[in-house]
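The values are calculated or read from the model by the stated rules, or taken from the named source; none is laboratory data. Keep in mind it's a predicted model, so treat the numbers as computed, not measured. Cβ placement follows ideal geometry from the backbone for every residue including glycine, while neighbour counts extend to all protein chains displayed.
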Amino acid sequence: MKAIDLTLKIKDGMRAVPFLPRVVIDSYLTHSFTQPLYKSPCQGVAMTSFSMVDHCGTHIDAPRHFIPGGKDISEIEPGRLIGKAVLIDASSKSPEEPLTKEMLQDFMHAQEVEINAGDIVVIRLWPKKWGDEGYFSCKPLALSAAEFLLGKKAKLLGVDTYTVDCPEDKQRPVHMKLLANELLPVEALVNLEQIRSKRFEFIALPLPLENGSGSPVRAIAVVD
């Protein structure tokens, strides 16, 4: 068994997307400052404070993200975020073209991948690294692909793009369709190229933030 970390490291100064606030990570307490409060061999205590939006780094969207009155992230059953997963590699598509139902089916056929009811579906859409030139303009899913996944009764979606909607589409049809049906997207996954298995276990657990519209997650693929 091997665990592959699919989580982007959160760093001071990074942005989730270009127009959102930067992450702020700071030392709240240091060992040297607190050492006088303790006795040897304890050398003091360190604590860190941080501030960021709840859609920073590798994260999950809750229905509340786009649906007023929708469930917040603390209301999502953790069991829905753990389970059997399939990987579909669609990274050879043009980043200027969203992944349609027909394209998704073609990739599945070529890679001999089947989606069973209750599967977690992870899709690789970006052939390079997070934040490389063109990353934030890469077009992820077309609405037809989202509807196809709902028809297959997938229970969770994971992508390596920072969003599931084409950035210029202000109606956000993919988010609206997925979240209305509680097929939650985990976005900004990394290291998907390291997964060699068609099937694996996927885990993406958020913080139970009250009223949170989403949360950073630690996403992991467990492979044989």
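In region 41-51, how many are surrounded by 12 or more Cβ atoms within 10 Å (Cβ to Cβ) and in a strand (DSSP E or B)? Of the residues in region 41-51, 1 are surrounded by 12 or more Cβ atoms within 10 Å (Cβ to Cβ) and in a strand (DSSP E or B).
Is it the case that region 96-115 has a residue that's in contact with a Cys (Cβ under 7 Å, 6 or more places away or on another chain), assigned by TED's automatic domain parsing to the domain that holds L189 and surrounded by 13 or more Cβ atoms within 10 Å (Cβ to Cβ)? Break it down into steps so the answer makes sense when it comes.
Of the residues in region 96-115, the ones in contact with a Cys (Cβ under 7 Å, 6 or more places away or on another chain) are 98.
Subsequent filtering for residues that are assigned by TED's automatic domain parsing to the domain that holds L189 retains 98.
Of the ones still in play, those that are also surrounded by 13 or more Cβ atoms within 10 Å (Cβ to Cβ) are 98.
Within region 96-115 (the criterion being in contact with a Cys (Cβ under 7 Å, 6 or more places away or on another chain), assigned by TED's automatic domain parsing to the domain that holds L189 and surrounded by 13 or more Cβ atoms within 10 Å (Cβ to Cβ)), the answer is yes, since at least one residue qualifies.
Is it the case that region 150-164 has a residue that's at pLDDT below 95 and either over 21 Å from V23 (Cβ atoms) or exposed (fewer than 15 other Cβ atoms within 10 Å of the Cβ) (or both)? No, the conditions are met nowhere in region 150-164.
Scanning region 165-184 for residues that are in contact (Cβ under 8 Å) with a residue 60 or more places away in the chain and in a loop (DSSP other than H, G, I, E, B) yields C166, R172, E182, L184.
The conditions of being outside the structural domain of E187 (by TED's automatic domain parsing), of a type outside the set (K, R), under 30 Å from I82 (Cβ atoms) and touching a helix residue (DSSP H, G or I) at 6+ places or on another chain (Cβ under 7 Å) are not met by V23.
Listed here are the residues, each with its yes/no results for (1) hydroxyl-bearing (S, T, Y); (2) assigned to a strand (DSSP E or B); (3) more than 21 Å from M176 (Cα to Cα).
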| site | (1), (2), (3) |
| --- | --- |
| I4 | no, yes, yes |
| D12 | no, no, yes |
| P18 | no, no, yes |
| Q35 | no, no, yes |
| K39 | no, no, yes |
| V53 | no, no, no |
| I67 | no, no, no |
| G79 | no, no, yes |
| G83 | no, yes, yes |
